[in-house]
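Throughout, read-outs are computed from the coordinates displayed, never taken from laboratory work. Note that the coordinates shown come from a computational prediction; the quantities given were computed from them, not determined experimentally. Cβ placement follows ideal geometry from the backbone for every residue including glycine, while neighbour counts extend to all protein chains displayed.
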């Protein structure tokens with residue numbers, strides 16, 4: 001932990017999901033207040049690890065995203081509160097700034113906005129822009145000062161704390177953010193506290209070499225955070241952090257924003273559709289009628305049922321049982337499909 | 001054909017002339033004529049007014065540099081950098097129909113002329129280094145493409161690497177320098193024929209391209225190279241050439257007639273720029289659309305693909321269907337749940353094409369580009385007036401700088417506004433969003 005590193009935290013602040021998460025009917029409820037105190041303890045631990053560690057926190061709110069705290073702005077701002085003799089000053093600044101900006105953002109939410117999709121993409125791209133600036137500035141300043149000193153880049157990473165289900169409409173932007181994170185060599189960690197498994201965030205963690213953790217005990221959040229997400233990626237090779245048990249590579253189709261595991265792909269532009277279409281909606285390519293007939297014949301019987309919901313509705317598409325897709329009538333080409341390999345059924349039920 | 005020495009001279013001092021005295025233009029013109037004897041008379045007439053395009057680009061660029069009130073040049077230099085970055089963004093973002101499944105043969109010149117030292121350390125070493133970077137970047141942007149490598153040496157074409165979709169395989173072929181030691185003369189015809197034959201079996205919906213890095217000023221061909229050119233036009237093979245010495249008529253013809261690009265590298269940086277301009281997928285030719293109005297592109301097809309689930313190496317081991325080996329990691333076919341070792345592949349049980357969806361998603365930013373941001377001229381009529389960049393939270397300059405050398409596409413306030421969400425971004429984030437992220441932080445799409 002010699003080298004300073006940068007951590008960007010994206011906090012999902014969806015009011016409805018946090019309400020559900022805190023319900024006492026859950027096995028291990030985690031109300032927002034308890035979550036925040038554990039999160040702040042983790043953030044304090046991060047800045048305490050190294051004097052030069054930097055931090056930025058983004059809030060993903062319904063329909064928007066906001067910067068809640070950043071080390072760069074904290075240095076400039078004058079804290080008006082009187083000094084607290086029992087608290088380390090940096091912690092004090094961090095905690096009060098976080099709480100202040102968070103309550104400002106939540107108060108600013110109107111009733112209409114509460115139902116709009118969460119601004120995860122916005123906060124993710126903002127944190128990437130921030131990291132881009134932080135890394136760029138550090139290289140340019142060292143070159144002007146003198147090149148004899150090795151460039152110390154704050155080793156950047158992003159931690160996404162998510163409670164909301166996947167937003168299928170944001171598939172392409174999320175994937176674009178993942179690829180830019182790969183380009184910047186940014187590790188994306190995902191901590192899923194509540195809600196169904198997130199397909200996109202699984203892929204994000206897998207592609208950038210981070211960890212995706214679905215919490216079994218949300219009330220023990222702080223332990224997960226400190227044991228898994230506090231050490232920087234360079235150190236994680238030496239300690240054993242929990243790994244992802246499987247990665248779901250499903251994608252969202254372009255036509256109805258369903259999350260599909262078998263799709264129909266245009267050979268020109270690679271657009272994904274959940275059912276055979278005569279004309280590609282993206283590049284206006286017309287497909288031969290023979291292919292359509294062939295694909296319609298072999299199409300899974302489930303597809304028409306999906307297409308009846310043109311409005312993107314993430315939760316039903318998400319919870320689409322995979323077993324349903326497996327139990328479909330076999331196409332002619334498959335012949336001796338399942339019975340040939342008994343070992344797989346065990347894997348599929350997990 | 002001019003003697004090679006002259007070509008090299010003018011190559012090596014081209015960099016100097018960029019920043020050198022203004023008066024060199026006359027002597028340069030004379031040299032240019034000596035070199036470009038192969039050029040047509042029309043080109044020469046044009047050359048009288050403006051001998052080289054790059055001279056025009058850099059002419060009197062120092063005039064635009066102005067000191068600020070403290071006598072520092074820093075502001076002006078940053079301004080120039082920002083302008084250069086933004087220029088790339090101003091290119092039209094309309095062409096949506098691009099070829100995504102690409103096949104490319106990289107033809108490397110391995111003749112003795114590659115040992116010239118006008119580019120450091122030698123043309124050959126620099127070419128190898130850039131070729132490796134090119135392959136990496138190319139696969140990054142064209143994940144479904146394939147690259148083959150052909151060398152030109154000793155008057156023949158030499159197959160260095162077969163067509164492969166794996167960047168590691170391609171890199172391995174061009175990794176060993178001693179196997180590629182330059183020698184003899186290059187033969188454009190032999191190399192292009194070899195590249196053409198290796199692409200003849202490909203399906204018609206993929207693009208076929210040849211990229212030649214050419215350092216020589218001669219080509220030693222067994223037959224008529226123009227016949228080869230006609231064959232390439234017939235096969236719809238696009239040839240692009242990056243020349244390291246000077247322009248040759250045959251090279252220009254090869255590129256122009258097949259729809260490729262031709263460029264002569266002025267210096268190391270320009271060489272890289274020319275090469276890397278060939279990386280983004282080319283817009284598909286309009287011929288396909290005009291010929292069959294009802295049918296559209298006959299090669300286009302709808303493909304059924306499955307997106308697998310990846311099992312980690314900690315899962316309980318089971319037999320894979322491709323090698324019948326007991327393994328923990330693997331991918332599950334979404335239709336029949338068979339376990340295969342690698343993607344992309346066709347499922348051995350049900351025949352479904354299994355691809356990793358991130359592979360497909362890598363090319364989507366070409367389909368849905370971010371709208372270019374508009375430079376903000378005044379602070380009025382702003383829906384959200386923030387004093388910080390919406391993306392990276394850097395503060396904007398308080399007041400507009402006194403020297404308003406703002407040209408087209410530059411904002412004197414350093415603000416660039418998204419046409420959709422009307423948030424303001426700084427110049428750095430503007431470039432970063434459009435070149436890397438491909439997603440506007442304000443609108444989230």
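Put in order of Cβ neighbour count within 10 Å, fewest first, the listed residues B:270, B:384 become B:384, B:270. In percent, rounded to a whole number, the relative contact order of the stretch B:131-221 is 28, using alpha-carbon pairs under 8 Å and six or more apart. Relative contact order of the stretch B:98-276: 24 percent, from C-alpha pairs under 8 Å at least 6 residues apart in sequence. Beyond 11 Å, what share of the Cα-Cα pairs of the stretch A:90-136 remains, rounded to the nearest whole percent? The calculated P(r) of the stretch A:90-136 puts 75 percent of pairs beyond 11 Å.
Looking at the square roots a ≥ b ≥ c of the eigenvalues of the Cα gyration tensor of the stretch B:305-364, which shape do they give, rounded for a/c under 1.5, prolate if a/b is larger than b/c, or oblate? Cα axes put the stretch B:305-364 in the oblate bin. Across peptide B:335-343, the mean count of Cβ atoms from other chains lying within 10 Å of each residue's own Cβ comes to 5. With the simple model of a label 7 Å out from the Cα in the direction of the Cβ, residue A:19 to residue B:268 spans 6.3 nm. The residue A:290 and residue B:257 beta-carbon pair, evaluated with R₀ = 41 Å, returns a calculated FRET efficiency of approximately 0.75.
Distance between the modelled labels on residue A:183 and residue A:34, one decimal in nanometres: 4.3 nm (7 Å Cα→Cβ projection).
Spin-label model, residue B:169 to residue B:136: label points 7 Å out along the Cα-to-beta-carbon direction sit 2.1 nm apart. Each of B:247, B:181, B:209 was scored by other Cβ atoms within 10 Å of its Cβ. Arranged with the fewest first, they read B:181, B:247, B:209. Can you classify the stretch B:148-272 as rounded, prolate or oblate using the Cα gyration tensor, where a ≥ b ≥ c are the square roots of its eigenvalues, rounded means a/c under 1.5, and otherwise it's prolate if a/b beats b/c and oblate if not? Here the stretch B:148-272 falls in the rounded category. What FRET efficiency comes out for the pair residue B:380/residue A:169, r = Cβ-Cβ distance, R0 = 51 Å, nearest 0.05? After rounding, the FRET efficiency stands at 0.90.
Sorting A:272, B:147 from the fewest to the most surrounding beta carbons within 10 angstrom yields A:272, B:147.
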